[in-house]
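Let me begin by presenting the structure, written as structure tokens, before commenting on it.
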Amino acid sequence: LLRYGPVLNHGHYDDLNINYYGLGYELTYDIGYGNGVTNTQAGWAKQTASHQLVLVDEVRQQSDTGADDSGGSLHLFAGMPGLQVVDADADNVYRSAGVTTYRRLVALVGDGSGSYLLDLFNVDGGDQQDYMAHALSNEIEFDGLALGEREPGSVGGPEYDWGERQLNDGYLSGVPRRPNWVAPPGNGLGFMMHPRRGDADGPFSATWQLPDGDGSLRMTVLPEPGSEIINAWAPGIYPP
């Protein structure tokens, strides 16, 4: 499923987000929409970083309400034996960051056990582009990539540990219960806990073990030169 907008009042900042279903699961584990005013919803689930998207300059989509806009255009949609493909853009969500192209093509290739999902995300503009990938598991193994030790705090910084403060009702421990409060640094990265980092010298893969203990999700990445890879865990619908 590829969503290309527009985002309305209760929507998330998730233009061009994908949901990938297989083996009886929503493998990308989109948190969805629970109580929309809680700290987890406002500070994490609603943010661009919690979706299968490219985060530009570590700010959410539509961060400048005067310059940015939601919604996009469908360029291609086709289905045939052995191939389903969709191509859409949302070029205006990062207009304030100087992004002129924000476009995604996804294709389901093949049939049966040999099939796979191809994801091509084209972003032109901004100073930093982070491809975010989430899965329904925190049991992960890497092939072709070496990562360092886990760091204190979160991807947002060592001073932020919001992912470890999630309560059963979606609010956060240690802070006042303020509806719609967005935890700093305001982009969701403070919920992505204890990062491990490494430099990608070439193609690598990540394999997540699924909850049933038998199935797995494998992602193969062809990184651009100079890419840094970060692995972290983040809260889902309920605390871990």
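A few points about this structure:
- Mean accessible surface per residue for the chain, computed with a 1.4 Å probe while every protein chain stays in place, in Å²: 52 Å²
- Pairs of alpha carbons in region 186-235 whose separation is greater than 13 Å (percent): 69 percent
- Global form of region 53-97, assessed from the alpha-carbon gyration tensor, a/c cut-off 1.5: prolate
- Of the accessible area of the chain, computed with a 1.4 Å probe over protein heavy atoms only, carbon and sulfur atoms account for 49 percent.
- At 0.890 mPa s and 25 °C, Stokes D of region 106-240 from Kirkwood alpha-carbon radius, µm² per second: 144 µm²/s
- Zone residues, region 150-190, relative to residue 133, backbone N less than 19 Å from point 7 Å out along Cα-to-Cβ: 155
- Packing-based ranking, highest mean first, of 65-78, 225-238, 4-17 given that Cβ atoms within 10 Å are counted: 4-17, 225-238, 65-78
- Alpha carbon centroid spacing (whole Å) that separates region 24-52 from region 202-240: 17 Å
- Counting 0.36 nm for each residue step from residue 159 to residue 224 and taking away their Cα separation leaves a gain of 20.4 nm.
- On full extension, the segment bounded by residue 35 and residue 238 gains 71.9 nm, given 0.36 nm per residue less the C-alpha separation.
- Net lengthening on full extension, residue 111/residue 207 (0.36 nm per residue, minus Cα-Cα): 32.5 nm
- Placing unit charges on the Cβ atoms of the charged side chains and taking the dipole of region 4-90 about its Cα centre, the candidate lying farthest along the positive direction among 34, 20, 88 is 34.
- The orientation-averaged shadow of the Cα convex hull for the chain, equal to a quarter of the hull surface, comes to 13.4 nm².
- Per-residue ³J(HN,Hα) for region 187-203, Karplus 6.51 cos²θ - 1.76 cosθ + 1.60, θ = phi - 60°, Hz, x for Gly and Pro: 10, x, 5, x, 9, 8, 8, 6, x, 10, 10, x, 9, 8, 8, x, x
- Cα gyration tensor category, rounded, prolate or oblate, for region 1-54 with a/c compared to 1.5: oblate
The values are calculated or read from the model by the stated rules, or taken from the named source; none is laboratory data. All values reported here derive from a predicted model rather than from experimental measurement. Because the Cβ atoms are built from the backbone with ideal geometry, glycine has one as well, and the counts that use them run over all protein chains shown. Each accessible area value is taken on the protein alone, full model and side chains, heavy atoms only, with ligands, DNA and RNA left out. Shrake-Rupley method; radii C 1.70, N 1.55, O 1.52, S 1.80 Å.
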